[in-house]
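Below is one structure; the comments refer to it alone.
The values are calculated or read from the model by the stated rules, or taken from the named source; none is laboratory data. The structure displayed is predicted, hence computed values, not measured ones. Glycine gets a Cβ as well: all are built from the backbone with ideal geometry, and neighbour counts include every protein chain shown. Accessible surface areas use protein heavy atoms only, side chains included; no ligands, DNA or RNA. Shrake-Rupley method; radii C 1.70, N 1.55, O 1.52, S 1.80 Å.
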Amino acid sequence: MRGTVLDYDPRNGEGLISGDDNNRYTFKGTSVRSDFSSLKRGAKVDFDQSNGEALSIFVMPDPPMGGINIDINTSGEKSKVVAGLLAFFLGGFGIHKFYLGYNKAGIVMLLVTMFGFIFFGIPGAVIWLIAFIEGIIYISKSDQDFYETYVAHQKEWF
(Lines give C-alpha, C1' and ligand atoms only; values in the text may rest on other atoms or scores of the structure.)
Protein backbone atom coordinates (compact mmCIF):
# COMPACT_ATOMS: atom_id res chain seq x y z
CA MET A 1 0.00 0.00 0.00
CA ARG A 2 1.12 3.57 -0.51
CA GLY A 3 0.66 6.61 1.67
CA THR A 4 2.09 9.82 3.07
CA VAL A 5 3.90 10.36 6.36
CA LEU A 6 1.81 12.66 8.55
CA ASP A 7 4.19 12.72 11.51
CA TYR A 8 7.34 11.05 12.78
CA ASP A 9 9.02 11.68 16.12
CA PRO A 10 12.55 10.23 16.16
CA ARG A 11 12.76 10.72 19.94
CA ASN A 12 10.21 8.02 20.65
CA GLY A 13 10.52 6.27 17.28
CA GLU A 14 6.83 6.46 16.40
CA GLY A 15 4.85 8.02 13.61
CA LEU A 16 1.64 8.15 11.62
CA ILE A 17 0.96 7.46 7.94
CA SER A 18 -2.12 8.40 5.94
CA GLY A 19 -2.72 5.54 3.53
CA ASP A 20 -4.06 6.01 0.02
CA ASP A 21 -7.10 4.06 1.26
CA ASN A 22 -7.96 7.07 3.52
CA ASN A 23 -7.04 5.17 6.71
CA ARG A 24 -4.32 6.13 9.16
CA TYR A 25 -1.63 3.72 10.27
CA THR A 26 0.75 4.01 13.20
CA PHE A 27 4.32 2.83 12.80
CA LYS A 28 7.52 2.35 14.71
CA GLY A 29 10.94 3.46 13.49
CA THR A 30 12.06 -0.16 13.48
CA SER A 31 9.60 -0.81 10.63
CA VAL A 32 11.40 1.64 8.31
CA ARG A 33 13.52 -0.26 5.80
CA SER A 34 15.06 2.68 3.95
CA ASP A 35 17.12 5.76 4.79
CA PHE A 36 15.79 7.58 7.89
CA SER A 37 17.01 10.98 6.63
CA SER A 38 14.28 10.99 3.98
CA LEU A 39 11.56 10.02 6.50
CA LYS A 40 9.85 13.33 7.14
CA ARG A 41 6.40 14.84 7.15
CA GLY A 42 4.95 14.67 3.63
CA ALA A 43 7.25 11.87 2.40
CA LYS A 44 5.60 9.33 0.11
CA VAL A 45 5.98 5.77 1.39
CA ASP A 46 5.21 2.21 0.38
CA PHE A 47 4.28 -0.15 3.23
CA ASP A 48 2.49 -3.28 4.33
CA GLN A 49 -0.21 -3.03 6.94
CA SER A 50 -1.49 -5.30 9.66
CA ASN A 51 -4.08 -4.43 12.33
CA GLY A 52 -3.79 -0.68 11.75
CA GLU A 53 0.00 -0.68 11.88
CA ALA A 54 2.35 0.06 8.98
CA LEU A 55 5.14 -2.47 8.51
CA SER A 56 8.10 -2.77 6.12
CA ILE A 57 8.08 0.93 5.27
CA PHE A 58 10.07 2.16 2.28
CA VAL A 59 10.40 5.86 1.48
CA MET A 60 9.73 6.37 -2.20
CA PRO A 61 12.20 8.57 -4.12
CA ASP A 62 10.96 11.86 -5.48
CA PRO A 63 10.41 11.85 -9.24
CA PRO A 64 13.41 13.30 -11.09
CA MET A 65 13.11 16.97 -11.94
CA GLY A 66 15.29 16.64 -15.09
CA GLY A 67 15.52 19.12 -17.93
CA ILE A 68 14.75 22.79 -17.71
CA ASN A 69 11.36 23.01 -16.12
CA ILE A 70 10.59 26.48 -14.85
CA ASP A 71 6.96 26.18 -13.94
CA ILE A 72 5.31 26.82 -10.61
CA ASN A 73 6.20 24.01 -8.26
CA THR A 74 3.11 23.03 -6.30
CA SER A 75 4.88 20.36 -4.23
CA GLY A 76 6.97 22.94 -2.36
CA GLU A 77 10.28 21.59 -3.66
CA LYS A 78 12.90 24.07 -4.73
CA SER A 79 14.24 23.90 -8.26
CA LYS A 80 17.97 24.21 -8.83
CA VAL A 81 17.33 25.83 -12.22
CA VAL A 82 15.08 28.53 -10.76
CA ALA A 83 17.54 29.15 -7.90
CA GLY A 84 20.44 29.34 -10.37
CA LEU A 85 18.67 31.77 -12.71
CA LEU A 86 17.63 33.98 -9.79
CA ALA A 87 21.25 33.98 -8.58
CA PHE A 88 22.54 34.95 -12.07
CA PHE A 89 20.09 37.76 -12.74
CA LEU A 90 18.99 39.06 -9.32
CA GLY A 91 21.64 37.56 -7.06
CA GLY A 92 23.02 40.81 -5.71
CA PHE A 93 19.64 41.48 -4.17
CA GLY A 94 19.60 38.04 -2.51
CA ILE A 95 16.45 36.93 -4.35
CA HIS A 96 17.78 33.37 -4.74
CA LYS A 97 18.32 33.21 -0.97
CA PHE A 98 14.74 34.29 -0.31
CA TYR A 99 13.55 31.65 -2.83
CA LEU A 100 15.44 28.94 -0.94
CA GLY A 101 14.05 30.15 2.39
CA TYR A 102 17.27 31.71 3.72
CA ASN A 103 15.79 35.05 4.71
CA LYS A 104 18.73 36.18 6.89
CA ALA A 105 21.23 35.55 4.10
CA GLY A 106 18.91 37.29 1.62
CA ILE A 107 18.64 40.35 3.84
CA VAL A 108 22.43 40.47 4.27
CA MET A 109 22.96 40.36 0.51
CA LEU A 110 20.26 42.98 -0.10
CA LEU A 111 21.63 45.39 2.51
CA VAL A 112 25.25 45.00 1.41
CA THR A 113 24.26 45.69 -2.20
CA MET A 114 22.09 48.67 -1.27
CA PHE A 115 24.54 50.31 1.10
CA GLY A 116 27.78 49.17 -0.55
CA PHE A 117 27.99 52.45 -2.46
CA ILE A 118 29.40 53.97 0.75
CA PHE A 119 32.61 52.06 0.02
CA PHE A 120 32.67 52.88 -3.71
CA GLY A 121 30.43 49.92 -4.61
CA ILE A 122 33.06 47.30 -3.85
CA PRO A 123 30.94 45.33 -1.29
CA GLY A 124 28.04 45.25 -3.75
CA ALA A 125 30.31 43.95 -6.52
CA VAL A 126 31.58 41.22 -4.19
CA ILE A 127 27.98 40.20 -3.39
CA TRP A 128 27.12 40.02 -7.11
CA LEU A 129 30.22 37.84 -7.68
CA ILE A 130 29.23 35.55 -4.80
CA ALA A 131 25.72 35.25 -6.22
CA PHE A 132 27.08 34.44 -9.69
CA ILE A 133 29.32 31.70 -8.25
CA GLU A 134 26.39 30.31 -6.25
CA GLY A 135 24.29 30.23 -9.43
CA ILE A 136 26.96 28.16 -11.16
CA ILE A 137 27.16 25.82 -8.16
CA TYR A 138 23.36 25.38 -8.03
CA ILE A 139 23.02 24.52 -11.70
CA SER A 140 26.09 22.25 -11.84
CA LYS A 141 24.91 20.02 -8.96
CA SER A 142 22.73 17.00 -9.60
CA ASP A 143 19.10 17.32 -8.53
CA GLN A 144 19.71 14.98 -5.59
CA ASP A 145 22.86 16.83 -4.43
CA PHE A 146 21.09 20.18 -4.71
CA TYR A 147 18.13 18.90 -2.67
CA GLU A 148 20.32 17.35 0.04
CA THR A 149 22.66 20.34 0.32
CA TYR A 150 20.37 23.36 0.04
CA VAL A 151 16.89 22.07 0.90
CA ALA A 152 17.34 19.20 3.37
CA HIS A 153 20.53 20.35 5.13
CA GLN A 154 19.88 24.06 4.53
CA LYS A 155 23.41 25.14 3.66
CA GLU A 156 23.09 28.91 3.20
CA TRP A 157 26.43 29.90 1.68
CA PHE A 158 28.31 28.13 -1.14
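In terms of accessible area, using a 1.4 Å probe and ignoring ligands and nucleic acids, M1, M60, M109, M114 rank largest first as M114, M1, M60, M109.
I need the peptides 48-57, 143-152, 5-14 ranked by packing, meaning the mean over residues of other C-beta atoms within 10 angstrom, with the highest value on top. If you can, show how the numbers build up before the last one.
Numbers: 48-57: 14.9, 143-152: 16.5, 5-14: 12.7.
Highest-to-lowest ranking by the protection proxy: 143-152, 48-57, 5-14.
Counted over all Cα-Cα pairs of the stretch 80-151, pairs farther apart than 17 Å make up 39 percent. Compute the Cα gyration tensor for the stretch 2-59, then decide on rounded, prolate or oblate, letting a ≥ b ≥ c be the square roots of its eigenvalues: rounded whenever a/c is under 1.5, prolate when a/b is larger than b/c in the other cases, and oblate in all that remain. Rounded.
If one computes P(r) from the Cα atoms of the chain, what percent of pairs lie at distances over 27 Å? Write down the numbers at each step before the final one.
Working: 5095 of 12403 pairs.
When every Cα pair of the chain is considered, 41 percent fall beyond 27 Å.
Solvent exposure of the chain amounts to 62 Å² per residue of accessible area, where only protein heavy atoms count and the probe is 1.4 Å.
Between the listed residues V59, S142, L110, the Cα displaced farthest toward the positive end of the dipole of the chain, a dipole computed from Cβ unit charges relative to the Cα centre, is found at L110.
Let me check against my output: what whole-number percent is the relative contact order of the chain, with C-alpha pairs under 8 Å and at least 6 apart?
Values: 237 pairs, mean separation 24.4, N = 158.
Normalised by residue count, the contact order of the chain is 15 percent.
Modelled spin labels at L6 and L55, positioned 7 Å past Cα toward Cβ, are 2.2 nm from each other. Surface composition of the chain: carbon and sulfur make up 61 percent of the accessible area, probe 1.4 Å. Taking the longest Cα principal axis of the chain as reference, the axis of helix 103-115 is set at about 10 degrees. Legend: distances between Cα atoms for K44/K104; K28/K78; K40/K97; K28/K155; pairs beyond 28 Å are K44/K104; K28/K78; K28/K155.
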